[in-house]
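Okay, structure first, notes after.
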Amino acid sequence: MFKSLNDVVFDHGAKADLYIASADSIPASNNSVDLIVTSPPYWNKRDYGVAGQIGNEATPELYIEAMLKCLREWRRVLKPAGSLFINIGDSYYKKTLLNIPGMFENAAKNEGWTCRNRIIWSKPTGMPEPAKDRLANRYEYIIHLTPQSSNYYYDTRGYCDYLGVDATPGDVWTFAPDRSMSSHLAPFPKELVKRAILLACPYAICSKCGTPVTRVEKRTAQLNLERPQAKRALALAKEKGLTQAHIEAIQSFGISDVGKATRFQNGTGRNSDHVTKLALEAKEALGGYFREFTFAKRTTVGWQGCEHESMTRGVVLDPFAGTGTTLSVALEMGRNAIGTDLKPILNDSLRQRVTLYNQ
Ligand SMILES: C[S@@+](CC[C@H](N)C(=O)[O-])C[C@H]1O[C@@H](n2cnc3c(N)ncnc32)[C@H](O)[C@@H]1O
């Protein structure tokens with residue numbers, strides 16, 4: 001067990017490789033990538049002036065077909081426990097919104113991907129739009145897809161800590177687009193990449209068996225006292241003389257009603273008769289307020305991996321790397337990165353940190 005991630009030792013620093021290559025032909029081996037964060041060209045929006053570019057297909061259906069070809073290739077390189085966060089925008093055609101993100105999401109689900117979230121990236125500011133007969137668009141979708149419906153790597157606690165909250169955060173991300181100083185027209189914000197990495201890319205992985213280093217959490221008895229219900233729950237617990245064992249019994253039953261939990265969990269061996277008795281006593285004393293203790297704060301007590309001692313860094317891929325936003329954030333967060341783009345545009349400082357391969 002590691003006390004902190006700073007205790008993990010790697011044999012080299014984080015590195016980023018960028019290939020002049022198409023997003024449907026990634027120069028990486030099968031099951032080698034932990035997380036894909038990307039934003040493809042949107043349909044019918046702009047001309048990147050390069051042969052083989054995606055986005056200029058004659059119809060939305062042909063665009064989705066081109067994206068599916070990419071998706072199959074990404075599935076090949078992504079580890080089974082990996083994730084894809086794709087920021088994909090919609091387009092108008094003959095004045096109607098086409099629902100391109102929905103078309104893509106359905107096509108992905110038909111190919112066996114699981115859609116875990118459709119995150120709304122809400123933009124408090126944006127470019128003025130010429131249309132006068134509709135509202136300006138101020139949001140985009142970031143779709144979180146996984147090859148497996150469960151058991152994918154996901155660090156909710158790390159993300160909560162980053163946002164400074166206790167309960168699972170919501171699926172609306174509000175931040176402004178970064179100002180682009182480059183000639184590239186559509187970089188996505190660093191914040192978007194950072195959140196995806198925090199949520200779904202392990203920091204360290206065993207190079208022998210592939211086990212990621214994961215957080216070891218412990219629930220405390222500390223309540224969020226900004227909630228009036230939590231204050232009342234604490235007062236009641238004190239008044240009725242509940243013990244630490246009572247609180248732990250409530251927590252072991254979780255949010256479900258204790259009466260029901262007794263029925264459902266009978267015979268599972270998960271909660272002993274003694275714990276059940278304590279939980280029922282606590283419920284009697286607290287009424288509905290017993291739930292407050294199931295929201296108690298969690299804390300990280302360390303990090304655990306496997307018994308081997310050979311660590312490698314998590315790997316983030318951006319198949320439409322553009323200005324290298326993903327690569328840059330991945331390096332800053334100690335992950336390795338791979339990018340492909342038919343026509344990347346790196347600024348001088350990033351060019352020094354990225355190895356460029358002309359396939
Ligand atoms: C929306 S931009 C990505 C911007 C990127 N997220 C950033 O922060 O800079 C789309 C990129 O896809 C690239 N592109 C277009 N078709 C491609 C293809 N078939 N394979 C790889 N890259 C492609 C374009 O050159 C462009 O850089």
> If you take the residues in the range 74-98 that are open to solvent by less than 80 Å² (accessible area, probe 1.4 Å) and aromatic (Phe, Trp, Tyr), which one is nearest to Pro187 (Cα to Cα)?
Replying inline: Phe85
>> Quick check on Trp121: is it within 16 Å of the ligand (Cβ to nearest atom), open to solvent by less than 80 Å² (accessible area, probe 1.4 Å), in the same structural domain as Gly314 (by TED's automatic domain parsing) and modelled with pLDDT of 95 or more?
In response: yes
> Taking the range 39-60 as the search range and keeping residues that are on the phi > 0 side of the Ramachandran plot and of a type outside the set (S, T, N, Q), which one is farthest from the ligand (Cβ to nearest atom)?
Replying inline: Gly49
> Residues of the range 27-73 being among the acidic types (Asp, Glu) and crowded, with 19+ Cβ neighbours inside 10 Å, which ones?
Replying inline: Asp34
> In this structure, does Gly126 turn out to be open to solvent by 50 Å² or more (accessible area, probe 1.4 Å), within 29 Å of Asp90 (Cβ to Cβ) and either not assigned by TED's automatic domain parsing to the domain that holds Glu307 or not basic (Lys, Arg) (or both)?
Replying inline: no
> In the range 299-312, is there at least one residue being at pLDDT 95 or above and within 18 Å of the chain's Cα centre (by Cα)?
Replying inline: no
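Taking the options Ile26, Ile36, Ile64, name whichever one is in a strand (DSSP E or B), closer than 21 Å to Ile88 by Cα and more than 8 Å from the ligand (Cβ to nearest atom). Lay out the reasoning, then the answer.
On the way: Ile26 fails: in a strand (DSSP E or B); Ile64 fails: in a strand (DSSP E or B).
Of Ile26, Ile36, Ile64, the one residue that is in a strand (DSSP E or B), closer than 21 Å to Ile88 by Cα and more than 8 Å from the ligand (Cβ to nearest atom) is Ile36.
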> Quick one: in the range 14-23, which of the residues that are of a type in the set (A, V, I, L, M) and open to solvent by 20 Å² or more (accessible area, probe 1.4 Å) is farthest from the ligand (Cβ to nearest atom)?
Replying inline: Ala14
> Name the residues in the range 303-359 that are within 16 Å of the ligand (Cβ to nearest atom) and among the hydroxyl-bearing types (Ser, Thr, Tyr), would you?
Replying inline: Thr323, Thr325, Thr326, Ser328, Thr340, Ser349, Tyr357
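The values are calculated or read from the model by the stated rules, or taken from the named source; none is laboratory data. The structure displayed is predicted, hence computed values, not measured ones. Glycine gets a Cβ as well: all are built from the backbone with ideal geometry, and neighbour counts include every protein chain shown. We work out accessible area using only protein heavy atoms, side chains counted, and drop any ligands, DNA or RNA first. Shrake-Rupley method; radii C 1.70, N 1.55, O 1.52, S 1.80 Å.
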